[in-house]
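Read through the structure below, which is laid out as structure tokens, and then see the notes.
The values are calculated or read from the model by the stated rules, or taken from the named source; none is laboratory data. Given the structure is predicted, the values throughout are model-derived calculations rather than measurements. So basically every Cβ, Gly included, is an ideal-geometry build from the backbone, and we count neighbours across all protein chains shown.
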Amino acid sequence: MTKEKENIGISGAFLAITTLVGSIVGAAVGLLFAPQAGKQTREKLRDAYSDMVTDVNNIVKKVDESIPTFMTKVKTELKEMPEQVKTEIINIRKDTESKLSKAVEVGSSYLKDVTKTINETIDEGKKTFASTIDESKKTISSTIEEGKSMVMGKKKE
């Protein structure tokens, strides 16, 4: 039974009770004001009251009969709910793991590229530094030689 049908059943029972009570009250008031003998009016009131009690008892019986079914349904839905939550958590975990795996993959690739670029830059720096050192040595050697020549040349004079 769907929730809509259950709501209609409860609303229908409420409507039936209120209609029945309203009808009986209306009939009782009508009988009280009708021009009949007291004995006839009392009999009609007794019959109307008896009918009302029977109808109310029937409605209560139907409601009583529907309560166990309703409670069973509620218990079943409550039991299913943790399973649904568990399933949803598992799905979220799988989705998160997938996204993290992709992020690690992309990050690893990026890190490899950055590492390669850094290593190439360091190698180029080493080469440039070595070249600069070699040129500096040559310049220093040349300058020393020129200095020696100048000093030696002046000493000869």
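A few points about this structure:
- Matching entry among T96, T69, T54 (being more than 24 Å from L15 (Cα to Cα) and of a type outside the set (D, E, K, R)): T96
- Among residues that are part of a helix (DSSP H, G or I) and either at pLDDT below 75 or basic (K, R) (or both), G22 is not included.
- Selected residue [touching a helix residue (DSSP H, G or I) at 6+ places or on another chain (Cβ under 6 Å) and under 30 Å from G22 (Cα atoms)] from D55, D47: D55
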